[in-house]
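S.K.: Here it is, the structure, as structure tokens.
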């Protein structure tokens with residue numbers, strides 16, 4: 001190999017996606033890194049050191065964009081990612097595997113969670129203009145036709161969720177999955193945030209996932225692999241294990257324990273995460289938090 | 001002195017010959033670059049009737065001067081025309097023919113973007129008339145609601161966002177195709193596989209909207225024609241196919257195309 005690069009760390013989902021002898025390809029290059037695809041699983045190679053289950057982190061500026069191109073075939077063998085056509089090897093041996101830690105027990109009441117979630121969104125949209133599905137934060141806003149439709153879809157979904165009506169939930173999700181564009185359409189990000197909140201809550205309460213959440217999650221992932229991008233389906237699948245970028249887990253934990261010290265840094269990263277993925281995922285988390293409180297009040 | 005003049009004459013004529021030889025070689029390689037390839041084997045259809053003339057492209061016909069055109073008259077269609085300066089590349093994603101063709105088509109008109117960016121900027125939908133159906137890396141040959149591809153409308157919309165006057169059309173006439181090509185405007189068309197036929201199906205999406213879909217939907221770029229055949233480019237290679245074979249394949253999805261709408 002002409003050049004070799006020692007990776008710094010790998011996320012748990014990425015690690016699980018690589019089996020010895022497997023073949024993948026370079027899906028595409030972005031300003032922030034390189035997407036690889038192994039089977040139906042995508043891995044993101046990046047220089048950014050934000051903790052994520054989906055990434056392989058390289059030393060800054062170690063990989064030139066001219067050294068790699070979309071469509072390049074890549075092999076995983078003996079802890080190395082090999083791109084023979086470029087004579088390039090990425091070494092993954094003995095590097096740390098980042099896995100999200102389990103949350104501490106939740107101590108905040110439902111009302112405190114809601115207060116924290118509102119505070120987060122208020123801070124976000126005071127500092128930055130609204131984008132993506134951020135408009136869902138205003139329940140009484142005059143919407144355009146697209147926004148009305150999105151609001152309707154999410155309402156039908158959350159109503160079915162409150163009633164634990166699995167077929168109705170999946171039916172409603174059919175309209176949400178794949179809604180939008182990009183590697184992770186807004187609808188997928190919203191659903192991923194929604195699921196992630198519930199799984200993290202179950203983990204924080206040290207409970208076993210109930211049948212409804214399990215079946216809903218599996219149903220959504222199954223649909224996602226049919227209807228939307230695999231990057232999105234991967235994120236949704238990972239959320240069922242409580243795996244996500246540390247950014248979103250910190251935000252959910254903040255709802256449970258008011259733990260975020262540096263709110264502005266988190267919100268800045270969140271706002272600039274993807275085109276509107278950060279905002280859309282947050283709106284899913286916040287919606288789930290609100291729906292949870294309403295369900296508890298009902299019962 | 002006489003010897004010296006002879007010597008310089010010899011050197012000069014040798015240099016002219018070498019220069020002329022280089023020009024000939026360069027012209028020849030340019031011509032070969034745009035030459036059609038042998039017919040690929042279409043393995044997915046038992047009814048392939050694809051035949052092909054594996055010839056070098058005929059020289060571009062010069063349109064006959066027409067009578068003074070009136071403002072409403074359409075340009076006369078020459079018997080044959082081949083766009084010479086278009087080039088293509090191999091598609092990156094298994095279902096990414098639309099994005100791949102769009103990249104080549106846009107580059108011909110001087111606009112450059114990445115296939116990855118174009119693909120990811122397409123909306124997703126369970127209806128190809130409204131957005132890309134499924135994941136672009138999925139297996140080819142399925143129809144919605146499984147991973148499929150995207151039809152002309154969303155592709156033209158996105159090309160417009162890149163500043164190109166792209167227009168989605170259906171039931172486009174063969175004469176119109178020829179007219180576009182003769183104006184040096186390549187056309188993106190929706191066909192089946194490598195110019196074969198498959199069974200079209202009426203598909204109804206979740207919102208009750210219907211559209212026609214067909215297995216092995218594929219997108220190629222038309223680059224020329226003569227009185228018997230159509231030339232197209234797919235994955236960066238050129239093929240000639242009999243016109244009726246093209247029309248059969250193109251007709252499956254309703255003669256759908258994206259044209260350069262000047």
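S.K.: Find the strands (runs of 3 or more DSSP E) located wholly in region A:39-130 whose residues include 2 or more that are under 27 Å from residue A:203 (Cα atoms), and list them.
M.R.: On the way: elements: A:41-46, A:55-57, A:73-77, A:80-83, A:88-91.
Correct list: A:41-46, A:55-57.
S.K.: When you go through B:126, B:117 one by one, which is the residue that is within 12 Å of chain A (Cβ to nearest Cβ) and crowded, with 18+ Cβ neighbours inside 10 Å? Steps first, please.
M.R.: Details: B:117 fails: crowded, with 18+ Cβ neighbours inside 10 Å.
Matching residue, one of B:126, B:117: B:126.
Let's see how each residue does on (1) within 14 Å of chain A (Cβ to nearest Cβ); (2) buried (at least 18 other Cβ atoms within 10 Å of the Cβ):
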residue: B:182; (1), (2): no, yes
residue: B:186; (1), (2): no, yes
residue: B:189; (1), (2): no, yes
residue: B:195; (1), (2): no, yes
residue: B:201; (1), (2): no, no
residue: B:206; (1), (2): yes, no
residue: B:213; (1), (2): no, yes
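S.K.: Right, here's the next one. Residues that are closer than 16 Å to residue A:60 by Cβ, touching a residue at least 60 places away in the same chain (Cβ under 8 Å) and either in a strand (DSSP E or B) or in contact with a helix residue (DSSP H, G or I) (Cβ under 6 Å, 6 or more places away or on another chain) (or both): does region A:8-19 have at least one? Write out each step before concluding.
M.R.: We begin by selecting, within region A:8-19, every residue closer than 16 Å to residue A:60 by Cβ; these are A:8-9.
Subsequent filtering for residues that are touching a residue at least 60 places away in the same chain (Cβ under 8 Å) retains A:8-9.
From the residues that got through so far, the ones that are either in a strand (DSSP E or B) or in contact with a helix residue (DSSP H, G or I) (Cβ under 6 Å, 6 or more places away or on another chain) (or both) too are A:9.
The answer is yes, given that some residue of region A:8-19 is closer than 16 Å to residue A:60 by Cβ, touching a residue at least 60 places away in the same chain (Cβ under 8 Å) and either in a strand (DSSP E or B) or in contact with a helix residue (DSSP H, G or I) (Cβ under 6 Å, 6 or more places away or on another chain) (or both).
S.K.: Can residue B:157 be described as within 14 Å of chain A (Cβ to nearest Cβ), at pLDDT 95 or above and surrounded by fewer than 20 Cβ atoms within 10 Å (Cβ to Cβ)? Can you show your working first?
M.R.: Values: within 14 Å of chain A (Cβ to nearest Cβ): yes; at pLDDT 95 or above: yes; surrounded by fewer than 20 Cβ atoms within 10 Å (Cβ to Cβ): yes.
Answer is yes for this residue.
S.K.: Let me ask you something else. Exactly one condition in (1) free of Cβ contacts under 8 Å to residues at least 60 places away in the same chain; (2) away from every other protein chain (no Cβ under 14 Å) is not met by residue A:30; state its number.
M.R.: Going through the list (1) free of Cβ contacts under 8 Å to residues at least 60 places away in the same chain; (2) away from every other protein chain (no Cβ under 14 Å), residue A:30 breaks only (2).
S.K.: Continuing with this model, one more query. Could you please give the count of residues in region A:34-44 that are over 15 Å from residue A:232 (Cβ atoms) and either touching a residue at least 60 places away in the same chain (Cβ under 8 Å) or buried (at least 20 other Cβ atoms within 10 Å of the Cβ) (or both)?
M.R.: Narrowing region A:34-44 to residues over 15 Å from residue A:232 (Cβ atoms): A:34, A:36, A:38-39.
In the following step, the residues that additionally are either touching a residue at least 60 places away in the same chain (Cβ under 8 Å) or buried (at least 20 other Cβ atoms within 10 Å of the Cβ) (or both) were identified as A:34, A:36.
Residues in region A:34-44 being over 15 Å from residue A:232 (Cβ atoms) and either touching a residue at least 60 places away in the same chain (Cβ under 8 Å) or buried (at least 20 other Cβ atoms within 10 Å of the Cβ) (or both): 2 in total.
S.K.: So if I check each of A:90, A:58, which one is touching a residue at least 60 places away in the same chain (Cβ under 8 Å), out of contact with any helix residue (DSSP H, G or I) (no Cβ under 6 Å at 6 or more places or on another chain) and surrounded by 15 or more Cβ atoms within 10 Å (Cβ to Cβ)? Steps first, answer last, please.
M.R.: Working: A:58 fails: touching a residue at least 60 places away in the same chain (Cβ under 8 Å).
After ruling out the rest, the residue left standing is A:90.
S.K.: Okay, next question. Need the failing condition index for residue A:261 against (1) crowded, with 24+ Cβ neighbours inside 10 Å; (2) free of Cβ contacts under 8 Å to residues at least 24 places away in the same chain, just the number.
M.R.: (1)
Listed here are the residues, each with its yes/no results for (1) at pLDDT 95 or above; (2) under 25 Å from residue A:174 (Cα atoms).
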| residue | (1), (2) |
| --- | --- |
| A:94 | no, no |
| A:99 | yes, no |
| A:107 | no, no |
| A:111 | no, no |
| A:120 | no, no |
| A:126 | no, no |
| A:133 | yes, yes |
| A:146 | no, yes |
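S.K.: Can you tell me which residue among A:187, A:193, A:178 is farther than 23 Å from residue B:149 by Cα, within 19 Å of the chain's Cα centre (by Cα), buried (at least 24 other Cβ atoms within 10 Å of the Cβ) and assigned by TED's automatic domain parsing to the domain that holds residue A:279?
M.R.: Details: A:187 fails: farther than 23 Å from residue B:149 by Cα; A:178 fails: farther than 23 Å from residue B:149 by Cα.
Within the list A:187, A:193, A:178, the selection yields A:193.
S.K.: For region B:145-153, does any single residue satisfy the condition of being touching a helix residue (DSSP H, G or I) at 6+ places or on another chain (Cβ under 7 Å), within 30 Å of residue A:72 (Cβ to Cβ) and assigned to a strand (DSSP E or B)? Walk me through how you get there before you give the answer.
M.R.: Let us first name the residues in region B:145-153 that are touching a helix residue (DSSP H, G or I) at 6+ places or on another chain (Cβ under 7 Å), namely B:145-146, B:149-150.
Still in the list and also within 30 Å of residue A:72 (Cβ to Cβ): B:146, B:149-150.
From the residues that got through so far, the ones that are assigned to a strand (DSSP E or B) too are none.
Within region B:145-153, not a single residue is touching a helix residue (DSSP H, G or I) at 6+ places or on another chain (Cβ under 7 Å), within 30 Å of residue A:72 (Cβ to Cβ) and assigned to a strand (DSSP E or B).
S.K.: Scanning for something in contact (Cβ under 8 Å) with a residue 60 or more places away in the chain and over 18 Å from residue B:124 (Cβ atoms), does region A:208-229 turn up at least one residue? Talk me through it step by step, then tell me what you get.
M.R.: Looking only at region A:208-229, we keep the residues that are in contact (Cβ under 8 Å) with a residue 60 or more places away in the chain, and these are A:225.
Those still in the list that are over 18 Å from residue B:124 (Cβ atoms) too: none.
No: zero hits.
S.K.: Still on this structure, I have one more. Out of A:15, A:2, A:86, report the one residue that is over 23 Å from residue B:116 (Cα atoms) and either more than 22 Å from the chain's Cα centre (by Cα) or in the same structural domain as residue A:227 (by TED's automatic domain parsing) (or both). Talk me through it step by step, then tell me what you get.
M.R.: Working: A:15 fails: either more than 22 Å from the chain's Cα centre (by Cα) or in the same structural domain as residue A:227 (by TED's automatic domain parsing) (or both); A:86 fails: over 23 Å from residue B:116 (Cα atoms).
Every option except A:2 fails the conditions.
S.K.: Can we say residue B:142 is within 14 Å of chain A (Cβ to nearest Cβ) and in contact with a helix residue (DSSP H, G or I) (Cβ under 8 Å, 6 or more places away or on another chain)? Steps first, please.
M.R.: Details: within 14 Å of chain A (Cβ to nearest Cβ): yes; in contact with a helix residue (DSSP H, G or I) (Cβ under 8 Å, 6 or more places away or on another chain): no.
Considered against the rule, which asks whether it is within 14 Å of chain A (Cβ to nearest Cβ) and in contact with a helix residue (DSSP H, G or I) (Cβ under 8 Å, 6 or more places away or on another chain), residue B:142 comes out as no.
S.K.: Would you check which residues across region B:120-144 are at pLDDT 95 or above and not in a loop (DSSP other than H, G, I, E, B) and list them?
M.R.: Of everything in region B:120-144, just one residue is at pLDDT 95 or above and not in a loop (DSSP other than H, G, I, E, B), namely B:132.
S.K.: OK, next. Could you please find all residues in region B:73-103 being modelled with pLDDT of 95 or more and over 17 Å from residue B:186 (Cα atoms)?
M.R.: Within region B:73-103, B:95, B:96 meet the criteria.
S.K.: If the requirement is being more than 30 Å from residue A:191 (Cβ to Cβ) and loosely packed, with under 13 Cβ neighbours inside 10 Å, which of these qualifies: A:64, A:101, A:109? Steps first, please.
M.R.: Values: A:101 fails: more than 30 Å from residue A:191 (Cβ to Cβ); A:109 fails: more than 30 Å from residue A:191 (Cβ to Cβ).
Being more than 30 Å from residue A:191 (Cβ to Cβ) and loosely packed, with under 13 Cβ neighbours inside 10 Å holds for just one of A:64, A:101, A:109, which is A:64.
S.K.: Ok, one more. May I ask you to list pairs of residues, at least six apart or on different chains, whose Cβ atoms are under 9 Å apart, with the first in region A:161-182 being free of Cβ contacts under 8 Å to residues at least 24 places away in the same chain and more than 12 Å from chain B (Cβ to nearest Cβ) and the second being surrounded by 24 or more Cβ atoms within 10 Å (Cβ to Cβ) and not in a helix (DSSP H, G or I)?
M.R.: As it stands, the answer is none, since no pair meets every condition given.
S.K.: Which of the residues spanning region A:154-173 are surrounded by fewer than 18 Cβ atoms within 10 Å (Cβ to Cβ) and either touching a helix residue (DSSP H, G or I) at 6+ places or on another chain (Cβ under 7 Å) or assigned to a helix (DSSP H, G or I) (or both)? Spell out how you get there, then give the answer.
M.R.: The first filter runs over region A:154-173 and keeps only residues surrounded by fewer than 18 Cβ atoms within 10 Å (Cβ to Cβ), leaving A:155-156, A:159, A:162-168, A:171.
A:155, A:156, A:159, A:162, A:164, A:166, A:167, A:168, A:171, listed by residue number.
S.K.: Do we find that residue B:86 is buried (at least 16 other Cβ atoms within 10 Å of the Cβ), more than 14 Å from chain A (Cβ to nearest Cβ) and not in a helix (DSSP H, G or I) in this structure? I'd like the intermediate steps shown before the answer.
M.R.: Details: buried (at least 16 other Cβ atoms within 10 Å of the Cβ): yes; more than 14 Å from chain A (Cβ to nearest Cβ): yes; not in a helix (DSSP H, G or I): yes.
Here the answer is yes, as residue B:86 does meet what is asked.
S.K.: Right, another one. Search region A:107-131 for residues that are more than 22 Å from residue A:295 (Cβ to Cβ) and outside the structural domain of residue A:187 (by TED's automatic domain parsing) and pair each with any residue that is surrounded by fewer than 15 Cβ atoms within 10 Å (Cβ to Cβ) and at pLDDT 90 or above when their beta-carbon atoms are under 6 Å apart and the residues are at least 6 apart or on different chains.
M.R.: Here the result reads none, with nothing in region A:107-131 linked to a residue that is surrounded by fewer than 15 Cβ atoms within 10 Å (Cβ to Cβ) and at pLDDT 90 or above.
S.K.: Mind checking which residues of region A:204-222 are over 21 Å from residue A:163 (Cα atoms) and either surrounded by 24 or more Cβ atoms within 10 Å (Cβ to Cβ) or within 14 Å of chain B (Cβ to nearest Cβ) (or both)? Steps first, please.
M.R.: Residues of region A:204-222 that are over 21 Å from residue A:163 (Cα atoms), as a first pass: A:204-206, A:222.
Of everything in region A:204-222, just one residue is over 21 Å from residue A:163 (Cα atoms) and either surrounded by 24 or more Cβ atoms within 10 Å (Cβ to Cβ) or within 14 Å of chain B (Cβ to nearest Cβ) (or both), namely A:222.
The values are calculated or read from the model by the stated rules, or taken from the named source; none is laboratory data. Keep in mind it's a predicted model, so treat the numbers as computed, not measured. Virtual Cβ from ideal backbone geometry, glycine too; neighbours counted across all protein chains shown.
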